[in-house]
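Report on the following structure.
Here, each number is a calculation from the coordinates, and none is a lab measurement. For clarity, every value in this text was computed on a predicted model and none was experimentally measured. Glycine gets a Cβ as well: all are built from the backbone with ideal geometry, and neighbour counts include every protein chain shown.
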Amino acid sequence: MKQRVRVYVRGVVQGVGFRPFLLRQTARFALTGWARNTSEGVELLLEGDRAALSSFLKVLRESPPPLAVVEQVSVQDAGEGPGETAFTILESQAGAGFTLVAPDTAPCGHCLEELSDPQNRRYRYPFLNCTDCGPRYTILRALPYDRVQTAMLPFPMCKDCAREYFDESDRRCRFETNCCPACGPQVTFYSADGRAAATGDDAFRAAQTALARGEILAVKGVGGIHLACKAEDEAAVLRLRARKRRPAKPLAVLCRDITAARRFCRISQAEAALLESPRRPVVLLEKKVPEAFPALSGNTRLGLFLPYSPLHMLLLDGVFGGPDAVVLTSANRPGEPVLLDNADAFDALSGIADGFLLHNREIYNRCDDSVVFARNGGAPYFVRRSRGWVPQPLDLSQNAEGIFAFGAEEKASFALGKGTRAFLSPHIGDLKNAATLSHYRTAMETFERLFAARPRAAACDLHPDYLSTREAESRAKQARLPLYRIQHHWAHMAACMADNGLEGPAFGILWDGTGLGADGTVWGCEFFKGDFTHYTRVGSMRPVRLPGGEAAIREIGRIALSLLRDAGLPDTRAPVKDALRKPLCAMVEKNLSCVEASSAGRLFDGVYALLSGTPCAAYDGEAPVLLESMLRAEVAGRRYPVAFYEENGVRRFDPRPMIRKLSEDLADGVPAAAIAKGFHDAMCEMALSQCEALNPEKAPVVLSGGVFFNQYLLTKLPRMLKAAGFSVFCHHRVSTGDEGICLGQLAIAAKKEECSTCALPSR
């Protein structure tokens, strides 16, 4: 019995080989009709045997192409019609809706075979890809996903590519960005003064030769331009650091393959699977020798990743004598976003790059590399969620339609709500930089356009001076939107709840460096009870006085001095300049020009300064990372006291007894590794004690905040909590740091929009 139906498919169904898939499947089931891309997905008109239609729809839902994600299939009876004699692909239809966009992925197996086959017309072509792989988000301007909406618009297909495009049996059938050496983008090597020196394969010859000589190159990839040098050439790495003005922050290393990667780090099977996955993130791994490669990383870990585009593969293949591992770090001025344009590269990198490997395909959307740890059998634990995942949305339990969450300031990202989906931006950076703020605004405009987002409410941090807050205020005022100001750590808590599909109530262990509290002081070692409608601050830490305020975040010796003085100890072990010691002591004693912070991050800073004698942190978060690096599995930790006191209904951890005992151990010559381990263990014991005292009902425990990038804490604390009968939830879809709080802001604002009479947050 024949049937005629109209089918609407939503999800990631454009730019992923969906229409050729439909051509094959309709032929298989003898169906006629047509299909077309729309702004909301793919629309089909189908006619055929009822049983065949049913089988087709089952395949459609359960076995789509590799990059496709079918989220919804709606079927409507189409009634009588003129009758279709074949199945055809119609022109795309623009509209007001939206569809999902696939993230950028590494080359598939078929493309890799073509890349290395001398008989193939795409042999060693750096821009080959197909319906199953390659760039998507970074080259897309608007939807529907047609060539005219992508960076491939200036490159009309040649006859051979056009033949593939219309060949239903070819895997590049209806592949909008199809190209080859005859018609597609080209790569060029430029000398330091910007003169074109070589093209095509000769460009890779020049680039590999330069890298082998120890030169620094600017390399234009998929989501931005990077600086590269030979990873094992210490002199080259140090030159790169000096020229980029990045003296200490770890550098990521791009390796030819897993074999090259194993020279640097121990790699488990799960970590190898993550490295080799189509998303190709930077994976933070343990060095084989903790002290090795100090020019690359001053701690025990190193970020490694594998080539995620044919261009990177050709750069590292060694055919022309080049290295199999290079530093690959974003090319930008200090504090600014990664460069995109060739002209900007020549201007900004003059005196930094010794040569330029660039191409003539535009990058429409910046997208930095994702950075992850491998946890729980290889699942990514995000330090930075960007290339490979963005703009893939996250599902929410509540309707967040039209809510714009503006995130934090220093590790900025934003989130847009679309129904029960949250679209999170790629990594943005520090908004205090004007160029980064401009990038933030541009990225938000892109998301609004791609996903047809119409704002009806805004959410931001409680801090009035955050530039993200000011952006939210400006946008809300201009568009007359309700604006929800959400306390920083409540947003952390809500982010972890939303990340794990929890509705609440929950118990939050929220540890980070800085977040404005509801009482106007700095919070950062918090224990909350609550859900998406309210929170109560039930636990915290005795505040540490930060002499000079923000200056103490950089000059961590000031925090060490403050901890010692607060514990009633001499300040002589604090690593501060002699000329500053007396004035700093006076500031702490009299509480002059001090900021009080109940911050776990600042406590880690101060303890590291005491143990290492280091007066300053070279970059944000350096001290906690290096403190964790002091740990050694074979060294037993010291046992330190954990004390508490009550203050206005808040149970506060008192670090003074711990600091006194820790100082005694330092004076007695106890190894730093043992003290560092004891400190970490004491923090875990403190958290467990707070949980047992403040969460007797055993509500689910969520861990969030930048301190939980610490893998020792992230492993030991959940284990201790679970042994005590608590259910524990960590982040797994967004970063535990400030980059992830936009998700929490979005979830809270969605609930507030749902229930405008929610109780105000309490202390």
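A few comments on the model shown:
- Long-range HN-HN contacts of Asp167 with modeled amide H, under 5 Å: Arg174
- Nearest 10 degrees, 0 to 90: helix 200-212 Cα axis against the chain principal axis: 20
- Total lysine pairs whose alpha carbons fall under 26 Å of each other in the range 510-731 (8 or more apart, or interchain): 14
- Against the chain, whose longest principal axis is taken from its Cα atoms, helix 578-590 shows a tilt of about 80°.
- Stokes-Einstein D in µm²/s, Kirkwood radius over Cα pairs - the range 510-731 at 4 °C with 1.567 mPa s viscosity: 74
- Near Phe155: Cβ cut-off under 9 Å, other residues only, Lys/Arg at +1 and Asp/Glu at -1. The net charge is +2.
- Along the range 383-397 the Karplus relation, 6.51 cos²θ - 1.76 cosθ + 1.60 evaluated at θ = phi - 60°, assigns HN-Hα couplings of 8, 9, 9, 8, 3, x, 10, 6, x, 4, x, 10, 7, 10, 8 Hz to successive residues, with x for each Gly and Pro.
- Around Thr138: net Lys/Arg minus Asp/Glu count, Cβ-Cβ under 9 Å: +2
- Across the chain, Cα pairs under 8 Å and at least six residues apart give a relative contact order of 11 percent.
- Per-residue ³J(HN,Hα) for the range 408-414, Karplus 6.51 cos²θ - 1.76 cosθ + 1.60, θ = phi - 60°, Hz, x for Gly and Pro: 9, 10, 6, 10, 6, 7, 10
- Taking the DSSP beta bridges with both ends in the chain, the antiparallel portion is around 75 percent.
- Centroid-to-centroid separation of the range 416-440 and the range 525-579 [C-alpha atoms, Å]: 30
- Local electrostatic count at Ser468 - Lys and Arg +1, Asp and Glu -1, tallied over other residues with Cβ under 9 Å: -2
- For the peptides 629-639, 237-247, 412-422, the ranking by packing is 412-422, 237-247, 629-639, with the highest mean count of neighbouring Cβ atoms within 10 Å listed first.
- Stokes-Einstein diffusion coefficient of the range 187-359, Kirkwood radius over Cα pairs, 4 °C, 1.567 mPa s, in µm²/s: 81
- Euclidean distance between Cα centres, the range 67-124 to the range 464-479, Å: 40
- Distance distribution note for the range 438-568: the fraction of Cα pairs above 18 angstrom is 65%.
- Spread over its residues, the convex hull of the C-alpha atoms of the range 389-467 is 88 Å³ per residue.
- Note, ³J(HN,Hα) from phi for the range 525-536, Karplus 6.51, -1.76, 1.60, rounded to Hz, x at Gly and Pro: 9, 10, 10, 10, 10, x, 8, 7, 9, 6, 8, 10
- Partner lysines whose Cα lies under 25 Å from the Cα of Lys432, excluding those fewer than 8 positions away in the same chain, are identified as Lys244, Lys249, Lys411, Lys477.
- When the convex hull of its Cα atoms is projected in every direction, mean area for the range 307-437 (nm²): 10.9
- Where GluC sites (Glu not before Pro) fall in DSSP loop in the range 520-611, at most 12 other Cβ within 10 Å: Glu550
- Considering helices alone, the calculated mean residue ellipticity of the chain at 222 nm is -9500 deg cm²/dmol, with DSSP H runs of length four and up weighted by -39500 (n - 2.57) and normalised per residue.
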